[in-house]
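Just below is one structure, and these are the notes that go with it.
Please treat every number below as a calculation from the coordinates, not as lab data. Quick caveat: nothing in here was measured; it's all calculated off a predicted structure. Note that we place each Cβ from the backbone using ideal geometry, even for glycine, and neighbour counts take in every protein chain shown.
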Ligand SMILES: [Zn+2]
């Protein structure tokens with residue numbers, strides 16, 4: 001598994017379906033074999049980054 005944002009492999013598992021990229025600090029959630037990408041804001045809320053990626057990039061290989 002690689003981070004769709006930085007292509008890094010430094011991915012940590014933080015939940016059953018949740019992963020965290022330690023390189024670019026984004027959270028990834030696996031839903032139906034696709035990634036949902038979120039950025040954690042300073043106030044702790046999540047904002048979606050899915051718009052930045054194509055469907056291909058968010059599909060798990
Ligand atoms: Zn990353």
Which of the residues that make up region 8-53 are assigned to a strand (DSSP E or B) and in contact with a helix residue (DSSP H, G or I) (Cβ under 8 Å, 6 or more places away or on another chain)?
-> 34, 35, 36, 37
Can you give me the number of residues within region 22-56 that are within 11 Å of the chain's Cα centre (by Cα) and within 15 Å of residue 3 (Cβ to Cβ)?
-> 18
What residue, among those in region 25-48 that are surrounded by 15 or more Cβ atoms within 10 Å (Cβ to Cβ) and farther than 19 Å from residue 61 by Cα, is nearest to the ligand (Cβ to nearest atom)?
-> 26
In region 18-38, which residues are more than 15 Å from residue 8 (Cβ to Cβ) and free of Cβ contacts under 8 Å to residues at least 24 places away in the same chain?
-> 18, 29, 31, 32, 36, 38
